[in-house]
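The next block holds one structure in the form of structure tokens; read it before the comments.
The values are calculated or read from the model by the stated rules, or taken from the named source; none is laboratory data. Treat the numbers as computed from the prediction; the structure is a model and nothing was measured. Don't worry about glycine lacking a Cβ; one is built from the backbone with ideal geometry, like all the others, and counts go over all protein chains shown. Protein only, heavy atoms only, side chains kept; ligands, DNA and RNA dropped before computing areas. Shrake-Rupley method; radii C 1.70, N 1.55, O 1.52, S 1.80 Å.
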Amino acid sequence: MMKKTLPTSMAFSMALAALIGFTGCSQSNDTANDAANGDAASSKETTTLRFAHFWPATSATHTDVFEPWAKKVEEESNGRLKVEIFPSATLTKADAAYDAAAKGTVDIGSQLQGYTNGRFPLTQITELPGLSNSATQMNCMLQTLYDDGVISSEYEDTHLLFMMGTGPGGIHTIDKPIRKPEDLKGLRIRRPSAIAGDIIEAAGGTPVGLPAPDLYTSLQRGVLDGLSLPWDATGSFKLIELVNTHTNMPFYSSAIMVTMNKDKYESLPDDLKKIIDDNSGKEMAAIAGEVFDGEDAKFMAEAKAKGDIMIDIPDPLNDPAWKAPLEAGTQKYLKDTEALGLDAQTVYQKAKEASAACQS
């Protein structure tokens, strides 16, 4: 019997169909593999956060607070987060870091609240005389008030990471000892905030508003007769090279914030958000406080070693000469804040309570 054979055309058609089917399965598998590989690659993508601040790259704020924070975030994310830090106001001006973070011009920004007068009026109540004797206490007080919702409404357009604050601010001049308020009369003194400015003015001086990076040249050129700063900033900005007379008087402290663009934070996957959250809040506030206090002690010792004049007024609120102008400056600020429709007196009372709880 003869073996039956398929017609040539039918055999060709079946072979072609089999080839197409095999190729289709192969392409489908490849597509699935590519998608899976794409998801894996996506989960390992690096998100870069641009962090802008005004302190010099040599300052302890940069090297001992911000750089370790960035390194810790990068390590805990296994490289999925990368933080690029821009010091010395290179990416945004000293008084514009908060707005830059709010608008997304930068991802993270840090600045003094006092650089934008009227923007954070409740927060700046913490800067008033008698509330803080160290950066550690100031940071604890600030973070407590934020966490308790007392001042948090002032930061709703960003995702706040943590609060910082300086140690007590004194007065530093060139060859002009300041022992009593009358010694300030006729002097142009740089003030870091409206609160310190009110006190300087109440004492008879002329407050001048300038960002910290401009202070060195302003002192050199005689634009300023002196300045009001905590010791760490006096050293960080090399001002200790120019000033030689210091009135160690805790008549104000400066509040500082570190905050993140809200949309950038919300765009992160939950596990990366947790890493940011785990490196925020009171723990970071405490670390920053220790750094600021250490710098205060270091630069004060440096000034003493070079023979600078030191005038100590440890309790100005109970000093007969200084009590009146400090109280006048305090009441003026509280009344101005009340005039904005804000409950300044209640916040002031809560700040006193937080200050006492944070006493170190």
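Taking the Cα centre as origin and putting +1 on Lys and Arg beta-carbons and -1 on Asp and Glu beta-carbons, what dipole magnitude results for region 280-360, to the nearest 20 debye?
So the dipole magnitude of region 280-360 works out to roughly 140 debye.
To the nearest 10 degrees, how steep is helix 323-338 against the longest Cα principal axis of the chain, on a 0 to 90 scale?
Helix 323-338 sits at roughly 40 degrees to that axis.
In Å, the Kirkwood hydrodynamic radius of region 223-334 over pairs of distinct alpha carbons?
17.4 Å
Taking the Cα centre of region 90-220 as origin, work out the dipole magnitude from +1 charges on Lys and Arg Cβ and -1 charges on Asp and Glu Cβ, in debye rounded to 20.
So the dipole magnitude of region 90-220 works out to roughly 580 debye.
Only Lys, Arg, Asp and Glu count, each charged at its Cβ (+1, +1, -1, -1), so figure out the dipole size of the chain about its Cα centre, rounded to 20 debye.
Charge dipole of the chain: 760 debye, to the nearest 20.
Determine ³J(HN,Hα), in whole Hz, for all residues of region 298-311 in sequence, where each value follows from phi through the Karplus function 6.51 cos²θ - 1.76 cosθ + 1.60 and θ = phi - 60°; x replaces Gly and Pro.
Along region 298-311, the couplings run 5, 6, 5, 5, 5, 5, 4, 5, 8, x, 5, 6, 10, 10 Hz.
Looking at the chain, which longest stretch skips every one of the GluC sites (Glu not before Pro) that is in a DSSP loop with at most 13 other Cβ atoms within 10 Å, leaving the sites themselves out?
The longest uninterrupted stretch comes out as 157-360.
Where only protein heavy atoms count, and the probe is 1.4 Å, what is the accessible area per residue for the chain in Å²?
Per residue, the chain has 46 Å² of solvent-accessible surface.
What's the ranking of 171-179, 64-72 by average number of surrounding C-beta atoms within 10 Å, highest first?
The densest-packed peptide leads the list: 171-179, 64-72.
Which value does Rg/Rh take for region 52-115 over its C-alpha atoms, Rh per Kirkwood?
My calculation of the ratio gives 0.98.
Using only the heavy atoms of the protein chains and a 1.4 Å probe, how would Val291, Val223 rank by accessible area, largest first?
My answer, sorted largest first, is Val223, Val291.
Which of the peptides 304-310, 57-63, 164-170 is most tightly packed, and how do the rest follow, judged by the mean count of other Cβ atoms within 10 Å per residue?
Order by mean packing, descending: 164-170, 57-63, 304-310.
Can you sort Leu131, Leu342 by 1.4 Å-probe accessible area, starting with the largest?
Leu342, Leu131
Just round it to a whole percent: the fraction of Cα-Cα distances in the chain exceeding 36 Å.
Pairs farther apart than 36 Å: 32 percent.
Find, to one decimal place in angstroms, the Kirkwood hydrodynamic radius of region 278-321, where the mean of 1/r is taken over every pair of different Cα atoms and then inverted.
Hydrodynamic radius (Kirkwood, Cα only) of region 278-321 equals 13.2 Å.
Please report, as a whole percent, how much of the solvent-accessible surface of the chain comes from carbon and sulfur atoms (probe radius 1.4 Å).
Taking all protein chains in place, the chain shows 53 percent carbon and sulfur surface.
Any chance you could check the Cα centroid distance between region 102-127 and region 215-268 for me, in angstrom?
Between the Cα centre of region 102-127 and that of region 215-268, the gap is 14 Å.
Could you work out which residue, out of Asn248, Asn117, Asn78, moves most in a Gaussian network model of the chain, that is, has the largest mean-square fluctuation with Cα springs under 10 Å?
Evaluated over the chain, the most mobile residue of the options is Asn78.
Residue farthest toward the positive end of the dipole of the chain, with Cβ of Lys/Arg at +1 and Asp/Glu at -1: which of Thr337, Leu128, Leu224?
Value computed over the given set: Leu224.
How far apart, in nanometres, would the label points at Gln359 and Ala305 be if each is projected 7 angstrom from Cα along the Cα-to-Cβ direction?
Spacing of the two 7 Å Cα→Cβ label points: 3.4 nm.
Let me check something: with ligands and nucleic acids excluded, how do Arg191, Arg221 order by accessible area (1.4 Å probe), largest to smallest?
Arg221, Arg191
What does the convex hull of the alpha-carbon atoms of region 197-266 project to on average, in nm²?
Mean shadow area of the hull around the Cα atoms is 6.5 nm².
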